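Inspection log for the structure reproduced underneath, given as structure tokens.
The values are calculated or read from the model by the stated rules, or taken from the named source; none is laboratory data. Just so it is clear, the model here is predicted, and its values are computed rather than measured. Positions of Cβ are backbone-derived with ideal geometry, glycine not excepted, and every protein chain shown enters the neighbour counts.
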Amino acid sequence: MILSAISNIPAHWPAIRTAFDEISYGELFEKVEQVRLWLISHQTKVLLLESDNVPEWIYIDLACQQAGVIFVPVPSFFSKSQIDYMIAKVKPDLYIRPSQCSSDWSAFVLPCFQYQQIEQTAHELVPNGTSKITFTSGSTGSPKGVCLSIENQYLVAKSLVERIGIERPDHFCLLSFSTLLENVAGVYAPLMAGGTIYVLTSEQRGFNGAVITSSSKLLSAISASSPTSIILVPELLQFFLHAAMAGWQAPSTFEFIAVGGSKVSPQLIQQAQQIGLPVYQGYGLSECASVVALSDKAHTDLQSTGQILPHLTVNIDHGEVVVTGNSFLGYLGAPDTWYQTQVNTGDLGQLSNGQLTISGRASNLIINSFGRNISPEWIESELMSTGAFSQAVVFGDARPYLVALVLPREPDTLYHTINDAIERVNKSTPEYAHIKSIHVLSESLSFEQQQLTSNGRPKRQKIYQDYSQEINELYQIANIEVSFNELI
């Protein structure tokens, strides 16, 4: 369906540009066909791909659609234990990873990758029509596999082409392809509009492992490509603003900078627009194949996440945002979730004249400023399991990292004991769920102060109100290196 939508684009037009090469639409079709035939020859049913942003990622993705193979990309920010969980859960019969490049094209149509065929007696249960399984970051440490059809993804891309309205866009792919938002909005949509996508590896984008090591390399890469569009998370928009204030000139070619993944402060968008950055907020979730609403030039309410995309219907049910029209097929291995006609998002919001405003979460789920989902109870239980604390409450919604209020189990607990406990927790959790700074409480949180429920659970809003100064200071004074590995 995606390839059919781009089949009429002139074959000589550039589809993909890398640091060293240009791939035309005609060449893209040829590469996809080579991979499709290879997959069929190996009788592939479920393919797991672990890869950086490279053109081959796109070939494999589209070839799987053409061959009827279920495609499962490994999120770039997953820990080894989470990847192992994915493999056990998905039960792929083909696992593809990068390797040293080979000149022997006859051995494998993807010469810079290695593949492992895995004999499976049975695959995990998936709903009919599943084309892609995208894994969430796992709010409780066990990621969920969201099963999507080709149509799920196509409808979003088609609506985005119509909403954004840029003919032949030049899109700079900054987020990882394993991020569904970049996959659908940053690859499919630009290609369906006859555009060109700029594909650079993590190192070429100025990343090394888990950290942005070269701001100049990142900014130079963006400037050199002269893109018309890019997708950011709030943390990267903040990075852009700091760079602009330090003298960086954003490309004048920018027409559309989409920001999503978690809540965006209106002040941040306003600051960006004041310096000439055409920033527009969006809202979405994996269960709706990414984007649900997107602001544009005609709808610039800074409080709103934008207009609902035309293929969707949104209602507010007791304050909760409920989406119909493009529901995911269900969760991997959970038949009781299959073929639902609506998605209860868990987000609280308001709807006015087709514009959606998100006010918060219906649950305690933290969504950090990189768009990663984290259950505070998960991290709190890890903290309590160390034996060093009698109370622990975690915060980090719309922030770049987690912080915690902790009460030591013993009043005279030494600093190194507390630090060792935090380090143990961080070693057992993925990077996006690490505690980066703590405030040691001088007294217990109490029911009497309305900080705890009758069964001892924390009342997070009240605790935040009581300790807002201390919590905010943790984000100002913590001497840390913020990780950007979720985006690589």
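Quick notes on this structure:
- Checked against the criterion of being part of a loop (DSSP other than H, G, I, E, B) and modelled with pLDDT of 90 or more, the range 408-422 has no qualifying residue.
- Looking at GLU382, GLU377, just one residue is acidic (Asp, Glu) and in contact with a helix residue (DSSP H, G or I) (Cβ under 6 Å, 6 or more places away or on another chain), and that residue is GLU382.
- In the set SER223, SER262, only one residue is of a type in the set (Gly, Ala, Ser), in contact with a Pro (Cβ under 9 Å, 6 or more places away or on another chain), part of a helix (DSSP H, G or I) and touching a residue at least 12 places away in the same chain (Cβ under 8 Å); that residue is SER223.
- The residues of the range 273-312 that are in a helix (DSSP H, G or I) and in contact with a helix residue (DSSP H, G or I) (Cβ under 6 Å, 6 or more places away or on another chain) amount to a single one, SER286.
- Breaking point among (1) among the hydrophobic types (A, V, I, L, M, F, W, C); (2) assigned to a loop (DSSP other than H, G, I, E, B); (3) more than 23 Å from ILE23 (Cβ to Cβ), for LEU200: (3)
- Scan of the range 296-320 for residues that are modelled with pLDDT of 95 or more and hydroxyl-bearing (Ser, Thr, Tyr), ordered by number: THR313
- LEU405 vs. criteria in contact with a His (Cβ under 7 Å, 6 or more places away or on another chain) and either surrounded by 15 or more Cβ atoms within 10 Å (Cβ to Cβ) or in a strand (DSSP E or B) (or both): yes
- Within the range 256-312, the set of residues being buried (at least 17 other Cβ atoms within 10 Å of the Cβ) and acidic (Asp, Glu) comprises GLU287 only.
- ALA189 buried (at least 22 other Cβ atoms within 10 Å of the Cβ) and within 19 Å of PRO278 (Cβ to Cβ): yes
- Condition check for GLN204: in contact (Cβ under 8 Å) with a residue 60 or more places away in the chain and out of contact with any His (no Cβ under 6 Å at 6 or more places or on another chain): yes
- Sole residue being farther than 30 Å from TYR85 by Cα, touching a residue at least 60 places away in the same chain (Cβ under 8 Å), not polar (S, T, N, Q) and not assigned by TED's automatic domain parsing to the domain that holds TYR401, chosen from LEU332, LEU294: LEU294
- The set of residues from the range 80-109 being modelled with pLDDT under 80 and surrounded by 17 or more Cβ atoms within 10 Å (Cβ to Cβ) comprises just one member, VAL109.
- Scan of the range 152-162 for residues that are of a type outside the set (S, T, N, Q) and surrounded by fewer than 24 Cβ atoms within 10 Å (Cβ to Cβ), ordered by number: TYR154, LEU155, LYS158, VAL161, GLU162
- Single match in GLY141, GLY129 (criterion: of a type outside the set (Asp, Glu), surrounded by fewer than 21 Cβ atoms within 10 Å (Cβ to Cβ) and at pLDDT 95 or above): GLY129
- Top-ranked residue in the range 38-79 [being over 22 Å from the mean Cα position of the chain (by Cα) and part of a helix (DSSP H, G or I); ranked as surrounded by the most Cβ atoms within 10 Å (Cβ to Cβ)]: ALA63
- Subset of the range 361-381 (residues that are surrounded by 20 or more Cβ atoms within 10 Å (Cβ to Cβ) and among the hydroxyl-bearing types (Ser, Thr, Tyr)): SER369
- Count of residues meeting criterion [hydrophobic (A, V, I, L, M, F, W, C) and over 14 Å from LEU175 (Cα atoms)] in the range 45-57: 4
- Reported count of residues in the range 435-488, each being assigned to a loop (DSSP other than H, G, I, E, B) and either among the acidic types (Asp, Glu) or at pLDDT 80 or above (or both), is 13.
- Residues that are over 13 Å from HIS434 (Cα atoms), among the polar types (S, T, N, Q) and either part of a strand (DSSP E or B) or under 20 Å from the mean Cα position of the chain (by Cα) (or both) within the range 340-384 comprise GLN342, ASN344, THR345, GLN350, SER352, GLN355, THR357, SER359, SER363, ASN364, SER369, listed in sequence order.
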